[in-house]
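The values are calculated or read from the model by the stated rules, or taken from the named source; none is laboratory data. All values reported here derive from a predicted model rather than from experimental measurement. Here the Cβ is made from the backbone with ideal geometry for all residues, glycine too, and neighbour counts use every protein chain on show.
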Amino acid sequence: MSTFSAAIPGKPDYLSDGYGLKSWLLTRDHKRIALLYLASITLFFFLGGVFALLIRLELLTPAGDLVSSETYNKLFTMHGLIMVFFFLIPSIPAVLGNFLIPLMIGARDLAFPRLNLLSWYIYVVGGIFTLTAAIAGGVDTGWTFYTPYSSTYSNSHVVLTALGVFITGFSSILTGLNFVVTIHKMRAPGLTWFRLPLFVWAHYATSLIMILGTPVLAISIVLVFLERVFRIGVFDPRIGGDPLLFQHLFWFYSHPAVYIMILPSMGVVSEIITCFSRKRIFGYNFVAFSSVAIAVLGFLVWGHHMFVSGQSVAASVIFSALSFLVAIPSAIKVFNWTATLYRGSISFQTPMLYAFGFIGLFTMGGMTGLFLATLGLDIHVHDTYFIIAHFHYIMVGGAVMGYLGGIHFWWPKISGRLYPEWWGRVAAVLVFIGFNLTFFPQFILGYLGMPRRYHAYPEEFQVLNVMSTAGASILGVGYLLPLVYLTWSMRYGPRAGPNPFGAKGLEWETSSPPPTENFVVMPVVDEEAYAYAVKKSPSHV
Amino acid sequence: MTAVTFPLFPDQASSNAGSVDAIYGLMVLLTVFFSVAIFLAIAFFAIKYHRKSEDEVPPEIHGSLALEITWSVIPLAIVAVIFILGAKIYIAASRPPADAATVYVVARQWMWKVQHPEGNSEINELHLPIDRPVKLVMTSEDVIHDFFVPAFRMKKDVLPGRYTQEWFTPTRLGRYHLFCSQYCGTNHSRMIGWVEVMEPSDFERWLKGSARTESMAAVGERLFARFHCGSCHGDGGSAPRLAGLSGRPDEAHLREAILHPARAGAKGAMPTYQGQMSETELLQLIAYVRTLFPEVPR
């Protein structure tokens, strides 16, 4: 199939197809839009990271002495909002999904290229609203916007921030819509559903959540807006509202949103594990359908955020049972990835290190999620640092490890250059060590009873907090390194060739970086996904 | 507690703490077992099957239905057991025993006001006798708070506009942290206090010695008169005489009946008292009304 890869002289790759600002800001090429997203989410990631760093510095000592309580509350609110809505949710779908889905299914672009560009602009406008709110003085409600604090009592910029999140939601809805239509209608001849890379399956499941869940978040935000601005009683009991209603609406979206963050990462891990063990994925159908099962079950478990909220006992028991069920498809994935290694040909390049890191941290995150689904135990650990540790194991240990693994894996395809392998491994190890040192002590802190969102804390919690802050500084270095060497490699890295890792999949059949039209000759698929054993990787350079 | 010790568990100071710690221990064991098993499997495969030459082609393996069923059914069975164990603790924690003493809590930004039926009130402190079950009936005057005592392994959100409950039996003497664990604004991290568990005799002395006025019910009786409740609910009134009804309604029902009579099912023309009394006054009135009923829960 190496016939697709021949770059025709005079046909530019997508990076050299125009250099002006206009050629980027008005592009309809999914690959360029992916890079627009890459630049913007990287900006937000490091901004959210600075907030995290300030939080950790404040918590180095028990007294609230570095910043005021108002400032501290704004720091953790902005950290959560930016990381969730402006980094994690768009991260893999909008960058890697955007770049790779058309390439993986043998299409020239997404189904709606203009809509794709519009999605990015909507994201940017939402980001500007939220940044404006931050500069104007910030918001202090927590990223969860719990009522009636957010709708009545907070004196910070709730409306402006909420508008930013509301607007950005539409970017996510449109991206999901674009992916679903593209995956249904634009697959290459011969590329049946069960020949799709699992990355595409994961994005299909993610897109369903984006389309079905995000409107509910938008509705909840509008209701907070109506109550705050026009005093229409929805959530505040003093004007006839119900404060728990907000939590139901918010978590109906925001629990599935966790799966928006983790499912694409699982898709990335499936691609990396197969490539670096040169094996077909073990139990393809089970891994594929477990993504769909997680997406569907994810909509039925929101009440597990409300076990101590005053929700009825019957509701809590049902939500607990359903939450335990999510463990099964998650476990199926972990077991199948592990089994894929059996009798493989395993190499330990940077993306594989991230994939191993993902499996380890996701397993920890998933298992500690079971602690929280356990009703009697949740009473104690709810709203403590235990929960902070748990969701960072999923959303940073899981989602961000997968994102970085994916960025490294497809970097040669995106940039046409190889990143420095040694530095890649150093960064991966630093991230893993720094992450564990930051967040593992927080499990113990939480069980000891330290509540989340505390600006000052009793002295007996200090030792563990110091460990956590020390870990955060290592983690910070681990995240800065790729920013430096990946930027460096765009100019100075050796040329990659179409398929430097000997990987399977249509994206590796075209040149690196791919031409604007993706393929010179449109591909026809005649084999299963991950057919590593069928013949020797042909285009291995 | 000094900086030298490195505890992994908070003090166990309630009848509930042991069972929560037990299930926590079980979960930690399970987590260690599965994490180590997966780590060892990955490490073993990664070493045994590491790439020996660049043109190595491993065999094609599609999967195994038997394995898929095994590693779905075993975790399912395990989580089913954990679910039941956890639900049992939770259900027990939501059902205060009939003989539990009631203490009332009114939260506001950023303090806890505790009201004992005997009339004592305290700020950011809660004094309790050892080995007596106690039920907290809690409400908030503004945003959502949460009454969390790590040593009791117990917390519950405290909401405006309704009562929530939590209960526990303190089993160890001492002073224990009370935290607000639901984010409530600027001084959230300063909305903390102490729960002091005392010998019953010391507690009796404290009740008599600390600043106290009259019992809540006695104050409530005056409120009953001030709001003219008796003109309808008293002799010859148009509404039911409260004393004649069977069974003692709980605080949540009485709150609803006073603030939203129609919603609570009152027929006739009882007006709403929403906004006419403070949360503390409402609790005092309820404490009095409850004394009018025979002591069987409805």
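Computed values, structure above
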read-out	value
B:Trp194 vs. criteria surrounded by fewer than 16 Cβ atoms within 10 Å (Cβ to Cβ), touching a residue at least 12 places away in the same chain (Cβ under 8 Å) and hydrophobic (A, V, I, L, M, F, W, C)	yes
Check on A:Thr77, surrounded by fewer than 23 Cβ atoms within 10 Å (Cβ to Cβ), within 14 Å of chain B (Cβ to nearest Cβ) and assigned to a helix (DSSP H, G or I)	no
Out of B:Glu54, B:Glu68, B:Glu60, B:Glu125, sole residue that is among the charged types (D, E, K, R) and at pLDDT 95 or above	B:Glu125
Condition met for B:Arg162 (over 21 Å from A:Ser309 (Cα atoms) and not aromatic (Phe, Trp, Tyr))	no
Looking only at the range A:422-451, and only at residues there that are closer than 13 Å to A:Leu59 by Cα and touching a strand residue (DSSP E or B) at 6+ places or on another chain (Cβ under 8 Å), the one that is nearest to the other protein chains (Cβ to nearest Cβ)	A:Pro451
When residues of the range A:7-58 are limited to those that are touching a residue at least 60 places away in the same chain (Cβ under 8 Å) and charged (D, E, K, R), the one surrounded by the fewest Cβ atoms within 10 Å (Cβ to Cβ)	A:Lys11
In the range A:346-364, residue farthest from A:Pro264 (Cα to Cα) [restricted to those that are of a type in the set (Val, Ile, Thr) and at the interface with chain B (Cβ under 9 Å from one of its Cβ atoms)]	A:Ile346
Members of the range B:208-217 found to be surrounded by fewer than 16 Cβ atoms within 10 Å (Cβ to Cβ) and at pLDDT 85 or above, listed by number	B:Lys208, B:Glu214
Which numbered condition A:Gly142 fails, given (1) under 16 Å from B:Ile144 (Cβ atoms); (2) over 20 Å from the mean Cα position of the chain (by Cα); (3) of a type outside the set (Phe, Trp, Tyr)	(2)
Flag for B:Arg172 being over 19 Å from B:Thr102 (Cα atoms), away from chain A (no Cβ under 12 Å) and assigned to a helix (DSSP H, G or I)	no
Residue among B:Phe44, B:Phe39 that alone is at the interface with another protein chain (Cβ under 7 Å from one of its Cβ atoms), of a type in the set (A, V, I, L, M, F, W, C) and out of contact with any strand residue (DSSP E or B) (no Cβ under 8 Å at 6 or more places or on another chain)	B:Phe39
Single unsatisfied condition, B:His127 versus (1) in contact with a helix residue (DSSP H, G or I) (Cβ under 9 Å, 6 or more places away or on another chain); (2) outside any helix (DSSP H, G or I); (3) under 19 Å from B:Gln12 (Cβ atoms)	(3)
Residue list for the range B:136-160, restricted to those being surrounded by fewer than 19 Cβ atoms within 10 Å (Cβ to Cβ) and either facing another protein chain (nearest Cβ under 9 Å) or assigned to a strand (DSSP E or B) (or both)	B:Asp142
Count - residues of the range A:452-483 that are in contact (Cβ under 8 Å) with a residue 60 or more places away in the chain, within 11 Å of another protein chain (Cβ to nearest Cβ) and farther than 9 Å from A:Pro62 by Cα	3
Test: residue in the range A:397-407 that is assigned to a helix (DSSP H, G or I), surrounded by fewer than 24 Cβ atoms within 10 Å (Cβ to Cβ) and within 21 Å of the chain's Cα centre (by Cα)	yes
Residue in the range B:73-85 that is surrounded by 15 or more Cβ atoms within 10 Å (Cβ to Cβ) and at positive phi present	no
Any hit, the range B:68-82, residues being over 30 Å from B:Phe168 (Cα atoms), in a loop (DSSP other than H, G, I, E, B), at the interface with chain A (Cβ under 7 Å from one of its Cβ atoms) and within 51 Å of the chain's Cα centre (by Cα)	no
Set B:Arg241, B:Arg290: member being free of Cβ contacts under 8 Å to residues at least 12 places away in the same chain and either within 22 Å of B:His116 (Cα to Cα) or out of contact with any strand residue (DSSP E or B) (no Cβ under 8 Å at 6 or more places or on another chain) (or both)	B:Arg241
All positions within the range B:92-103 that are within 11 Å of another protein chain (Cβ to nearest Cβ) and surrounded by 15 or more Cβ atoms within 10 Å (Cβ to Cβ)	B:Ala92, B:Ala93, B:Ser94
Residue in the range B:224-233 that is crowded, with 19+ Cβ neighbours inside 10 Å, under 25 Å from the mean Cα position of the chain (by Cα), of a type outside the set (Val, Ile, Thr) and not assigned by TED's automatic domain parsing to the domain that holds B:Tyr104 present	no
Residues of the range A:458-516 that turn out to be farther than 30 Å from A:Arg195 by Cβ and either polar (S, T, N, Q) or assigned to a helix (DSSP H, G or I) (or both), as a count	34
Unmet criterion (only one of (1) among the hydroxyl-bearing types (Ser, Thr, Tyr); (2) more than 25 Å from A:Ser511 (Cα to Cα); (3) surrounded by fewer than 20 Cβ atoms within 10 Å (Cβ to Cβ)) for A:Tyr72	(3)
Single match in A:Tyr121, A:Tyr153 (criterion: surrounded by fewer than 24 Cβ atoms within 10 Å (Cβ to Cβ) and either among the polar types (S, T, N, Q) or over 21 Å from A:Leu245 (Cβ atoms) (or both))	A:Tyr121
Answer from A:Gly176, A:Gly137 - the residue that is under 25 Å from the mean Cα position of the chain (by Cα) and touching a residue at least 12 places away in the same chain (Cβ under 8 Å)	A:Gly176
